[in-house]
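*Asks:* The structure that follows is given in the form of C-alpha cells.
Derivation of every value follows stated rules applied to the coordinates shown; laboratory data play no part. What you are looking at is a predicted structure, and each value in this text was computed from that prediction instead of being measured. All Cβ positions, glycine included, derive from the backbone under ideal geometry; neighbour counts span all protein chains shown.
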Amino acid sequence: MTYQDKANHIAELLETQLGVRGAGLETKLKKAGRLLPRHVRRDAAVLVAALKTQGNPRLARMVDGAGAVKSYKVCEKYLSAIDRTYRRRGQIVSFLATNAFNMITVAALLIAVLVWRGFL
C-alpha cells in the first residue's frame, strides 16, 4: 500500500466509525479533534506528514517508512475497534441524563421560588 492508500483507508475509517466528514485525512483529523486520543492523533499526523512529503522526490527520502507503517497500524487498530452502537448508545444516555438533570434543577428552583413567595 502507498501512503495515499493508507491515508484514504484511515480517512474512510474516521468517516464510518466516528462520522467525521471532510475532503481528506488532514481535514478529517482537524474535525475529529478530541474524539481521538492524543497518541492516535499524533500517529495520524505522522501519516499526514509522510503523505505531504511523498510528492517531492528530495523530501520523500526523509520519510521514516517504518514509522509511517507503525502509525498506520496504530490508527487502524484504534479505529477498527470502535463499537459504533455502544458509542451511539452512550451519546443518547448522556443527552437524556443532561436533560433530566436540567429539568430537576428547574423544578427545584420553581418550588424554591414558590415557597419563598408564600404560594406553597
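*Asks:* Could you say which residue among LEU114, LEU79 is touching a Leu at 6+ places or on another chain (Cβ under 6 Å) and in contact (Cβ under 8 Å) with a residue 60 or more places away in the chain? Break it down into steps so the answer makes sense when it comes.
*Replies:* Values: LEU114 fails: in contact (Cβ under 8 Å) with a residue 60 or more places away in the chain.
Exactly one residue qualifies, and that residue is LEU79.
*Asks:* Mind checking which residues of region 27-59 are in contact with a helix residue (DSSP H, G or I) (Cβ under 9 Å, 6 or more places away or on another chain) and polar (S, T, N, Q)?
*Replies:* Answer for region 27-59, where residues must be in contact with a helix residue (DSSP H, G or I) (Cβ under 9 Å, 6 or more places away or on another chain) and polar (S, T, N, Q): THR27, THR53, GLN54.
*Asks:* Of the conditions (1) farther than 20 Å from ASN8 by Cβ; (2) of a type in the set (Val, Ile, Thr); (3) in contact with an Asp or Glu (Cβ under 8 Å, 6 or more places away or on another chain), THR85 fails just one. Which one is it?
*Replies:* Going through (1) farther than 20 Å from ASN8 by Cβ; (2) of a type in the set (Val, Ile, Thr); (3) in contact with an Asp or Glu (Cβ under 8 Å, 6 or more places away or on another chain) one by one, THR85 breaks only (3).
*Asks:* Within region 18-34, how many residues turn out to be under 14 Å from ALA45 (Cβ atoms) and small (Gly, Ala, Ser)?
*Replies:* 3
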